[in-house]
Amino acid sequence: MKLNDTIVALATPSGAGAIAVVRVSGPDALKIVAPLFKAKSKKPLEEQPTHTIHLGNVIDGERTIDEVLASVFRSPRSYTGEETVELSCHGSPYIQQEIIQLLIRKGCRSAEAGEFTLRAFLNAKMDLSQAEAVADLINSENAASHQMAMQQMRGGFSNEIQKLREELLNFASLIELELDFAEEDVEFANRDQFRDLVSRIQTVLKRLIDSFATGNVLKNGIPVAIVGEPNVGKSTLLNALLNEERAIVSDIAGTTRDTIEDEMSIGGVGFRFIDTAGIRETKDVVESIGIKKTFEKIGQAQVVVYLLGADQFQAQGSRFKIEIEKIKNRFPQKPILIIANKVDRLSEEELENLKSGLEVISNDSERSQYLLLSAKTGTGVEELKDKLLDYVNTGALRNSDTIVTNSRHYAALLKALEEINKVEDGLNADLSGDLLAIDIRQALHHFGEITGEITNDDLLGNIFANFCIGK
Ligand code: GDP
């Protein structure tokens, strides 16, 4: 990929819209656009200052293609750091293509996916982890993933890594300096201070590594397994939750008929509801495979919702109790929410009996709670949402701690920690400076991978290929 030419791409989604934005970036951006832009004002576009907008026509010889607004960003004060012009035109696909084709005829090259952001990175407008956050931001579908991407884009995570890297680099240089004075047996790098730094780095790395689990869950949606037999009202319940949130329902590709996932956003947090077949004892081979699957799905979930029919409780309460015990024994850490659905079918007296029955089953209030609900009338649905949100470790969202969501960063952090642990071992064993220096350099390498001080073309290619064209 050449990086000193001028590129063009549509920055808005393809298809018709009220307006569309065609983006041009590179050393000749203004030189190429100016002759094609007949401004209403007298001053040519090339002479306009940065961060200004101009009304005019895009012309191809005698022909006027569209009336547009041209935004001018002069290097280095643009997203890419290069000379940039953005043409806001009328959003017809025909106009968009005419303008883009014209620009290509006049010397622009069609941009590759993510090339604008790649250029921003190469021109030091942002570091690599910030550039990656741009893609996450574009893909964010709920408040939680949006907030995490925003935080990363603003550089919270990079700053933390960068600071530690600099301190570590400082010690590495001091230790390497000692090597030049080997005969004199001097210590430039104060070992106690160094030990202190190593332990601080370990703490930060561990926290960031731990945050990945939370980050991943928040990014992809919190998995909730719904255990319940056919006809207890699973679909009705999911619809009741959905209707209020007006969220998108989607079947996740690759899920089989007995495990269908519905995604929705509740209170700004994404949830994935995993439908399971229930765990009723059976001799039937096919059904027992279903039970095995249900347990697998429970294993992957953060929260289990055990859904039972309130009108069945009197006759089958003891079976429900056994099943719930089974789940609790098998997954001692997992919170279970017991929901008695269809309470609208019960009389006052039956309701009282149901309550006292459920009190007994969910006596360990830490782990299991019960909830009376009617998916049909909507009773208890709000309470269910509140409870689900309570289960989520929203602490991570509320405080400003950095959360790692990118698996590439996660892998680099793990490797960095491994090397830092070696440095600690080396310090404890009074290892000589030259050996210590090797492990420190390795750790520095992994820090650099995150922020992009250390990259290679394959890595950059991989990262930016996942962007959309025009970003
Ligand atoms: P699923 O097989 O678990 O998905 O169950 P459905 O959602 O298809 O519900 C089975 C039947 O129970 C349907 O006829 C629903 O209308 C009914 N149903 C579901 N929830 C309630 C409820 O809260 N009250 C009443 N009375 N009926 C319900």
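Evaluation of Leu413 against the conditions (1) out of contact with any Asp or Glu (no Cβ under 9 Å at 6 or more places or on another chain); (2) touching a residue at least 60 places away in the same chain (Cβ under 8 Å); (3) within 16 Å of the ligand (Cβ to nearest atom); (4) aliphatic (A, V, I, L, M) shows that the sole unmet condition is (3). Checked against (1) surrounded by 18 or more Cβ atoms within 10 Å (Cβ to Cβ); (2) without any contact (Cβ under 8 Å) to a residue 24 or more places away in the chain, Val269 passes all but a single condition, namely (2). Applying the criterion of being within 15 Å of the ligand (Cβ to nearest atom) and surrounded by 18 or more Cβ atoms within 10 Å (Cβ to Cβ) to the residues of the stretch 351-376, the residue that is farthest from the chain's Cα centre (by Cα) is Leu354. Residues considered: Ala315, Ala340. Of these, the only one that is among the small types (Gly, Ala, Ser), at pLDDT 85 or above and away from the ligand (no atom under 16 Å from the Cβ) is Ala315. Of all the residues in the stretch 326-344, those that are part of a helix (DSSP H, G or I) and β-branched (Val, Ile, Thr) number 2. Does at least one position in the stretch 46-54 carry a residue that is over 18 Å from Asn123 (Cα atoms) and among the hydroxyl-bearing types (Ser, Thr, Tyr)? Among the residues of the stretch 46-54, at least one is over 18 Å from Asn123 (Cα atoms) and among the hydroxyl-bearing types (Ser, Thr, Tyr), which makes the answer yes.
Residue by residue through the stretch 345-375, note down the ones that are assigned to a loop (DSSP other than H, G, I, E, B) and in contact with an Asp or Glu (Cβ under 6 Å, 6 or more places away or on another chain). Within the stretch 345-375, Ser374 is the sole residue that qualifies. Kindly indicate whether any position in the stretch 116-134 is touching a residue at least 12 places away in the same chain (Cβ under 8 Å), surrounded by fewer than 20 Cβ atoms within 10 Å (Cβ to Cβ), out of contact with any Gly (no Cβ under 9 Å at 6 or more places or on another chain) and not in a helix (DSSP H, G or I). There is no residue in the stretch 116-134 that is touching a residue at least 12 places away in the same chain (Cβ under 8 Å), surrounded by fewer than 20 Cβ atoms within 10 Å (Cβ to Cβ), out of contact with any Gly (no Cβ under 9 Å at 6 or more places or on another chain) and not in a helix (DSSP H, G or I).
Determine, yes or no, whether Val423 is among the aliphatic types (A, V, I, L, M), part of a helix (DSSP H, G or I) and either touching a Pro at 6+ places or on another chain (Cβ under 6 Å) or in contact (Cβ under 8 Å) with a residue 60 or more places away in the chain (or both). Walk me through it before giving the result.
On the way: among the aliphatic types (A, V, I, L, M): yes; part of a helix (DSSP H, G or I): yes; either touching a Pro at 6+ places or on another chain (Cβ under 6 Å) or in contact (Cβ under 8 Å) with a residue 60 or more places away in the chain (or both): yes.
Yes.
Starting from residues that are under 27 Å from the mean Cα position of the chain (by Cα) and part of a helix (DSSP H, G or I), keep the ones in the stretch 383-392 and report whichever is modelled with the lowest pLDDT. Result: Tyr391.
Scanning the stretch 105-151 for residues that are hydrophobic (A, V, I, L, M, F, W, C), touching a Leu at 6+ places or on another chain (Cβ under 9 Å) and within 23 Å of Ser211 (Cα to Cα) yields a count of 7. Looking at this structure, is Ile403 away from the ligand (no atom under 16 Å from the Cβ), at pLDDT below 85 and closer than 30 Å to Ile438 by Cα? The answer is yes for Ile403. Beta carbons closer than 8 Å, at least 6 apart along the sequence or on distinct chains, pair a first residue in the stretch 457-471 that is loosely packed, with under 14 Cβ neighbours inside 10 Å with a second that is in a helix (DSSP H, G or I) for Asn466/Ala135. The strands (runs of 3 or more DSSP E) found wholly in the stretch 1-87 and carrying at least 3 residues that are out of contact with any Gly (no Cβ under 6 Å at 6 or more places or on another chain) occupy 19-25, 52-60, 63-73. Checking each residue in the stretch 181-230 for being surrounded by fewer than 16 Cβ atoms within 10 Å (Cβ to Cβ), within 16 Å of the ligand (Cβ to nearest atom) and outside any loop (DSSP other than H, G, I, E, B) picks out no residue at all.
The values are calculated or read from the model by the stated rules, or taken from the named source; none is laboratory data. All values reported here derive from a predicted model rather than from experimental measurement. Note: ideal-geometry Cβ built from the backbone for every residue, glycine included; neighbour counts use all protein chains shown.
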